[in-house]
Amino acid sequence: MITPARAFGARAFGLRAFGWTRGLRFRLALSYVLFFTVLLVLLGILFRQILSGTFQNQMESVLDEEWGAAKGYLRTGPEGPNWFYDEKDPDESFTVRRVQRVYMLADTQGHKLQNSDIYESIGIDSPAEIREILQSGKPAIRVRSDSSGVPYMIRSGLWVDHDGHKYYLSIGRAVDYNDKVISNFTRNYFALLPMVLVVSGLLGWFLAGRALEPVNSVAEAAQRITHSNLDVQIPARNAGDELDRMIEAFNHMMSRLNLSFEQIRQFSTDVSHELRTPLTVVRGQLEVAMFTAQTVEQYREAMADALEGVERLSNIVRALLMLSQAESGQLVLQKNEIDLGGLLRDLVDQHQIPAEAEGVRLTADLPDECLLHADRTQIERLVSNLLGNAIKYTPAGGQVKVSLVPQSDHVNLIVEDSGVGISPSHLPHIFDRFYRVPSADPEKGLGLGLSFVAWIAKAHEGAVTVESKPNEGTRFTVLLPLGRWSAAPSIAASVDSPAPPVPERVH
């Protein structure tokens, strides 16, 4: 009786066996065996043909030698053609008897003159066959068997005696030994073939297992990966092959994933911190209004402070949403031909008032016209961020300069100041979201302004670089390609809002 447990066990075993046969190692070993099977079968057939051809060529050479001997000993006497040789000479006697063992002599009309008993058992050539061979003018090579099934190779052709009389001569040799050798080779070769295939299958299984060890290492490493150990690395084999490249690609992928997750964790921490501070301020102001305010002015002041906190929260959420849309491809650039020189002059004029309020001299060195295929709104945002940062972190009496340097295929937009500068240890991180260089300024920004600058430059197929020395100043250079291009980055909803007010540098 088959119990449910046994049935389940049998089914599980069947599934394991089916899965085992579908494994890559099994398929590689099977492919190895099939390849060797086809190769060895073809080699066996080829060797058999070569062996058969070699025996046939050797036998034809022997018949050619005996044909020459027959022509030397066979002569026409008074009673017709006959064999003439020295019977006391053992060599001549042996040669003649060997030729006479399988031979037939006939005239040109096909009438039999002489033949051996063996040739009789093979079958006397018909007159029609004789005439056909003689008319061809070439010797004929045939394989025929006697009454007992022994195969003979027969050479037939024209023989002319010393007096010019023409005859039909046919001689032969048994080839049963050759056929036996070929048969034994074929039987032994294909009898050993299964054993060779079994050994090759085991060897293929072993080699496939060795070759797939790195793949299994990758699979085991992937199974061990969790959110807490994304730094898993597989040791390189240093073989320089495809598996080493796969391991290298896997390790690079894990490094990128680890970096991405670290950035996500850091981003979550930064967002939580940025949102918690305004929320705490709003809650504090409301609690003050609820428990301590007694006059209308006190209530108004508390509500105004709370609204400032809410506005800060709105700015953070709006900036994060826009940056997220930009980096995820949901923000499309609206590119048109713009005069970058004219745009920069307008923005410099707009920033003259905040610059004068800070005691900073704002100047520009711009060409009369510089045409660029770009998104006007995003370029305004980029320049406003850079100008706002430069003015904010340049002390009174300092200078901020905007310049535009056209090149053959691009233009360099330069914003430089004589401000406090940025420490070299902070320069690699200033384009990261929420990164702010520590400073004594109580009005800290969101730390997103330069992230927008980097994205806008990249979206226009350009780049932004920064050079800075503490207490000497900072120089931002934005490289923007000139003209039109077909491969503009896809970035999905148009931002038609004006450039934001003077944003902050990430100090």
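Odds and ends about this structure:
- Annotation: residue 392 carries an accessible surface of approximately 60 Å², with a 1.4 Å probe and no ligand, DNA or RNA atoms counted.
- The distance separating the Cα centre of segment 139-216 from that of segment 113-138 comes to 27 Å.
- Gain in span if fully extended, residue 292 to residue 187, counting 0.36 nm per residue against the direct Cα distance: 26.8 nm
- Estimated at 0.36 nm per residue, the fully extended path between residue 206 and residue 269 surpasses their Cα-Cα distance by 17.6 nm.
- With a Förster radius of 41 Å applied to the beta-carbon distance between residue 27 and residue 225, the computed FRET efficiency rounds to 0.95.
- Whole-Hz ³J(HN,Hα) from phi, Karplus 6.51 cos²θ - 1.76 cosθ + 1.60, for segment 51-58, glycine and proline x: 5, 5, x, 5, 4, 5, 5, 4
- Total charge dipole magnitude, segment 101-143, about the Cα centre, Cβ charges on Lys, Arg, Asp, Glu only, Debye to nearest 20: 140 debye
- Taking the average, over residues, of other Cβ atoms within 10 Å as the packing measure, peptides 335-345, 230-240 rank 335-345, 230-240 from highest down.
- Subtracting the Cα-Cα distance of residue 162 and residue 426 from 0.36 nm times their residue separation leaves 83.5 nm of extension gain.
- Rounded to the nearest 10 Å², the accessible area of residue 165 at probe 1.4 Å: 90 Å²
- For peptides 40-47, 95-102, sequence by mean Cβ density within 10 Å, most packed first: 95-102, 40-47
- Accessible surface of segment 304-435, 1.4 Å probe, proportion on carbon and sulfur as whole %: 48 percent
- The aspartates and glutamates within cross-link reach of residue 458, meaning a Cα-to-Cα straight distance under 12 Å and a gap of 8 or more places when in the same chain, are 327.
- Estimated from the Cβ-Cβ distance and a Förster radius of 22 angstrom, the FRET efficiency linking residue 57 and residue 177 is about 0.90.
- Charge-dipole axis of segment 134-185 as Lys and Arg at +1 and Asp and Glu at -1 on Cβ define it, positive-most pick from 170, 151, 135: 135
- Coupling constants for segment 154-170 follow from the phi torsions by the Karplus curve (6.51 cos²θ - 1.76 cosθ + 1.60, θ = phi - 60°), and in residue order they are 10, 10, 10, x, 8, 10, 10, 7, 5, 8, x, 6, 9, 9, 9, 10, 9 Hz; glycine and proline get x.
- Label-point separation, residue 303 to residue 132 (7 Å along Cα→Cβ), nm: 12.5 nm
- Computed with every protein chain present, the accessible area of residue 472 is close to 120 Å² [probe 1.4 Å].
- Cα-based reach from residue 138 at 27 Å (exclusive), listing lysines while leaving out same-chain residues under 8 positions away: 71, 112, 166
- Nearby aspartates and glutamates by direct alpha-carbon distance to residue 180 (threshold 17 angstrom, same-chain neighbours under 8 apart not counted): 146
- With both labels modelled 7 Å from their Cα along Cα-to-Cβ, the residue 87 to residue 369 distance reads 12.8 nm.
- Under the convention that each Lys and Arg Cβ holds +1 and each Asp and Glu Cβ holds -1, the size of the dipole of segment 123-244 around its Cα centre is about 460 debye.
- Spin-label pair residue 472/residue 198, simplified geometry with 7 Å Cα→Cβ offset, distance in nm: 8.2 nm
The values are calculated or read from the model by the stated rules, or taken from the named source; none is laboratory data. Everything quoted here is computed from the prediction, not taken from an experiment. Note that each Cβ is placed from the backbone with ideal geometry, even for glycine, and that neighbours are counted across all protein chains shown. Ligands, DNA and RNA are excluded from the accessible area calculation, which covers all protein heavy atoms including side chains. Shrake-Rupley method; radii C 1.70, N 1.55, O 1.52, S 1.80 Å.
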